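Down below is the structure, laid out as structure tokens.
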Amino acid sequence: MPRIKSYEIDLVKHEFSKMLLYPHQSIMLDEWHHHDNFILMTKTGTGKTLAAVFPLLKYKERAILVYPTNELISD
């Protein structure tokens, strides 16, 4: 049976976070006020939700997050 190699994304340091971040999370923090919209597409488990929430926390902004589950999407 063939082996499937794992997919890894290097982590980076960011001054706002005590933990290491994925590059797309760091970019969102840096670019938040320079763009009106973002589309972020990455693999499952790579921190898309945190990428959106970190800038809200950093800049003390408010937001409503709509996060459908697969069951809701199916309905």
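No value in this document is a laboratory result; all are computed from the given coordinates. From a predicted model like this one, the values you see are computed outputs, not experimental measurements. Note that each Cβ is placed from the backbone with ideal geometry, even for glycine, and that neighbours are counted across all protein chains shown.
Okay, here's what the table says:
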| item | result |
| --- | --- |
| Mean Cβ neighbour count within 10 Å, used as a protection proxy, ranking 6-16, 48-58 highest first | 48-58, 6-16 |
| Residue-by-residue Karplus 3J(HN,Hα) for region 29-39, coefficients 6.51, -1.76, 1.60, Hz, glycine and proline x | 4, 6, 9, 3, 8, 9, 9, 7, 9, 9, 10 |
| Phi to ³J(HN,Hα) by Karplus 6.51 cos²θ - 1.76 cosθ + 1.60 over region 55-65, Hz, x for Gly, Pro | x, 4, 5, 4, 9, 6, 9, 10, 7, 10, 9 |
| Rounded if a/c under 1.5, otherwise prolate or oblate - the chain, Cα gyration tensor axes | oblate |
| Cα→Cβ-extended label distance, 7 Å offset, between Asp36 and Glu8, nm | 4.1 nm |
| Karplus 3J(HN,Hα) series, Hz, for region 3-18 with 6.51 cos²θ - 1.76 cosθ + 1.60 (x for Gly, Pro) | 8, 9, 6, 6, 9, 10, 10, 5, 9, 10, 8, 9, 4, 6, 10, 7 |
